[in-house]
Amino acid sequence: MQNSFKVGNERVLALIPARGGSKGVPRKNIRPLCGKPLIQYAIEVALGAKSTCKTLVSTDDEEIAQLAREAGAEVPFLRPEALAGDRVPDFPVVEHALKWVMDRGWCPEVVVFLRPTNIFRNSAQIDQAINKLLSDPTLDSVRAVSLSSYSPYWMKRIEGNKLVSFLPSEYEYAPRQILPKVFQGNGTIEVIRAKTILDKKSMYGDQIGFIEMDEIARQDIDTEIDFRISELLFPLWKDGRL
């Protein structure tokens, strides 16, 4: 049974997507990692943030829904099957959840998108990202970034049967120490204005702010190897040894 949904005047919705049909690591969103279901880590940091008001899980799976409720999240709906495939991008999932709560009388200003497959983050970083967005009216969104794991200046592409430079430049064979710093979205925290989603029909908009996080925040869980690596690294990170 889906739990009830209470409407309030809160500004910030924390949204955690967790479909049931993951393929790289079957049932990964509820698989135990260091003693907890994976999704519980996202729920706990969302609930621990001072700036979030409601924590919702969008899932198509009743077992995931039940575990999410037990961890303290609200799961007032099950995601439509059409939005639960492995090729469905993030935007329609976020848009669906936002419109769902708005149809019931709540109009949050901000959505905080927290993927359960990124566990190397804390509640303070969520608050930092939210506060950055709310303090700058020119921003459409704020994304968490880390230094790129591999510089695009070194990357190649295949042309016929040869490798050619992806970004021809003076840095193509430069040592790492003198390369320009390049950052990548790490997927841990994404804070978006509701009007960016609804009016601009965009996940991030044009004006994107950022918070910088350690390189370990890039560690995503898509494969069995990722899962095993995260199991080894998380206790060290949690204890401040990384």
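The values are calculated or read from the model by the stated rules, or taken from the named source; none is laboratory data. Bear in mind that the values here come from a model prediction, so they are computed numbers and not experimental data. Cβ: placed from backbone, ideal geometry, glycine included. Neighbour counts: every protein chain shown.
Annotations for the structure displayed:
- Among the criteria (1) under 13 Å from the mean Cα position of the chain (by Cα); (2) surrounded by fewer than 23 Cβ atoms within 10 Å (Cβ to Cβ), the one Ile119 does not fulfil is (2).
- Any hit, the range 90-98, residues being assigned to a helix (DSSP H, G or I), within 19 Å of the chain's Cα centre (by Cα) and more than 25 Å from Asp222 (Cβ to Cβ): yes
- Residue match in the range 74-89 (condition: farther than 22 Å from Pro26 by Cα, surrounded by 14 or more Cβ atoms within 10 Å (Cβ to Cβ), within 19 Å of the chain's Cα centre (by Cα) and hydrophobic (A, V, I, L, M, F, W, C)): no
- When residues of the range 82-102 are limited to those that are modelled with pLDDT under 95 and charged (D, E, K, R), the one nearest to Met203 (Cα to Cα): Arg87
- Thr188 being touching a helix residue (DSSP H, G or I) at 6+ places or on another chain (Cβ under 7 Å), of a type in the set (Val, Ile, Thr) and not in a loop (DSSP other than H, G, I, E, B): yes
- Pairing residues of the range 141-166 that are over 30 Å from Phe120 (Cα atoms) with residues that are of a type in the set (Asp, Glu) and surrounded by 10 or more Cβ atoms within 10 Å (Cβ to Cβ), at Cβ distances under 8 Å and at least 6 apart in sequence or on separate chains, gives Ser165/Glu172.
- Qualifying residues in the range 21-63 (those that are among the aliphatic types (A, V, I, L, M) and part of a strand (DSSP E or B)) - the one surrounded by the fewest Cβ atoms within 10 Å (Cβ to Cβ): Leu33
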